[in-house]
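The values are calculated or read from the model by the stated rules, or taken from the named source; none is laboratory data. Computed from a predicted model, the values in this text were never measured in an experiment. Note that each Cβ is placed from the backbone with ideal geometry, even for glycine, and that neighbours are counted across all protein chains shown. Protein only, heavy atoms only, side chains kept; ligands, DNA and RNA dropped before computing areas. Shrake-Rupley method; radii C 1.70, N 1.55, O 1.52, S 1.80 Å.
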Amino acid sequence: MVDFNIIRCARAVLLVTNLEASRDFYENALGFVVTEADENHLYLRGYEEHNHHSLVLKKAEQPGVEAISYKVYSDEDLNKLYDYFQQKNMNPKWIENQHAVERAFRVQDISGLPVEFFARMDTVERLLQRYDLYKGARIQRIDHFNCMVPDVQKAYDFYVKEMGFACSEYTETENNELWAAWLHRKPNVHDLAFMNGNGPRLHHIGFWLSDQLSLIHACDVLAAMGYAKNIERGPGRHGLSNAFFLYLRDPDGHRIELYNGDYLTSDPDFLPIRWDINDPRRQTFWGHEAPDCWFNEASQVFDIHSGELVELKEPSVQKLKPDFVI
C-alpha cells in the first residue's frame, strides 16, 4: 500500500559542455526564463511556473543526466519515501546544499535511473500573464520524462505497484509483452514514460506549451537563428495521447520535446488505452516515421554515488522500430 504522495515530475539536472551555447539555445531560441545563472549553472523555468526552476544546466566535461526529479506533497512524504528505499536496500542519498531546493534525496531506481525527490523549492514571480516577455516557444511548464529502459515490465511494476503511478496508455508486442508505457501522477497522460531499448537512458524531457501556434512559431525562430538542424522530428500530432509535438536536440544532443494538447486522466475509473505494436495507428497520427537516431540515441545517466556513467543493458524484449514515442 502506497503511503506517500508524489505530486508530479518537477525538474531535471542535465550536464552540458558549453554553458554559453546552451543558454543561447534554451533562452533565446526556445524562450525559457532564466531565473538565475552563474559560471557553472543555468536555472531555467517556464512562464507559468512559480517554482525557482524546472531545468538545471550544469557545466561538465561530458554531457549526461545527473537527475530527474519529482515533487512530493510534504516533508513527511519525503521521509516516508526515503525510509521506503532504505528498507528496499536501494541506498538512497540525501543531497546537501542544492541551490533553491530544500531537503532532497536521490536514488538509483529499479532500472538504474538517477531519481530525485523533494518537497519544497524557492518560489519566484509567476510570469504567465507577462505576455510582453514571451519569446521563442513560449515555454509554460515541465510536463514529463521519457526513459529508455531494458525491461519495461519491471519499470512499470515498480512505479505502478510501489510508487503509486497510474497508466494512461501502453503498447504490447504480438506476444503480449509490454513494449512501452505512459504513467502519470498529475491528471494528464504522463509524468513518466518508458520505452524498450538499451538503458537506462533519458530519451527526452517534455515541456508544455499553451497552444499549437507557439510550437509552429518556435520552428520559425529556430530556423531564423540557425538551429534548423536541431529540429529532429515534427511538428506533428501523436496517435498516442493526441498531443501536438516537436522534438529538438540541444547543443549537447539532449532531446527536448515541445508538447501541447493531450487529455484529462483524473477519473478513478479511467481505463488505460492499449496499442498493439503492429497497429499502424501507433505511428504519428499523420503517418510520418521517426528517424533511426530516434531509437539509437539518448542521454546517458550517472550513478548518484560514484559519479560514473551507468552501464547500459540490452533490452529483454526484441528491439523493434515503431513509429511513435511521446
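Here are the numbers for the structure shown:
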read-out: Simple Cβ-charge dipole of segment 1-103, Lys/Arg +1 and Asp/Glu -1, about Cα centre, in debye nearest 20; value: 320 debye
read-out: Low-density loop cleavage sites - chymotrypsin sites (Phe, Trp or Tyr not before Pro) in segment 75-151, where at most 10 other Cβ are within 10 Å (DSSP); value: none
read-out: Cα→Cβ-extended label distance, 7 Å offset, between ASP292 and ALA228, nm; value: 2.4 nm
read-out: Fraction of antiparallel bridges per DSSP, the chain only, in percent to nearest 5; value: 70 percent
read-out: Segment ASP24-GLU125, extension gain: residue separation times 0.36 nm, minus the distance between their alpha carbons; value: 34.1 nm
read-out: Loop-located GluC sites (Glu not before Pro) in segment 101-166, at most 10 other Cβ atoms within 10 Å (DSSP); value: GLU125
read-out: Most fluctuating residue given options PHE158, PHE302, PHE270, as computed from a GNM of the chain linking Cα atoms under 10 Å; value: PHE270
read-out: For the chain, the longest site-free run once trypsin sites (Lys or Arg not before Pro) in DSSP loop states with at most 12 other Cβ atoms within 10 Å are removed; value: 131-318
read-out: Whole-Å distance, taken between Cα centres, linking segment 96-123 and segment 9-69; value: 16 Å
read-out: Pairs from LYS88/LYS161; LYS80/LYS161; LYS71/LYS135; LYS59/LYS80; LYS186/LYS313; LYS58/LYS93 whose Cα-Cα separation, in the structure shown, is over 23 Å; value: LYS71/LYS135; LYS59/LYS80; LYS186/LYS313
read-out: Whole-number accessible area per residue in Å² for the chain, which is evaluated in the context of all protein chains at 1.4 Å; value: 42 Å²
read-out: Extent along principal axes [Cα atoms of the chain; Å; largest to smallest]; value: 50, 47, 40
read-out: Percent of beta bridges antiparallel (DSSP, segment 5-156, rounded to nearest 5); value: 75 percent
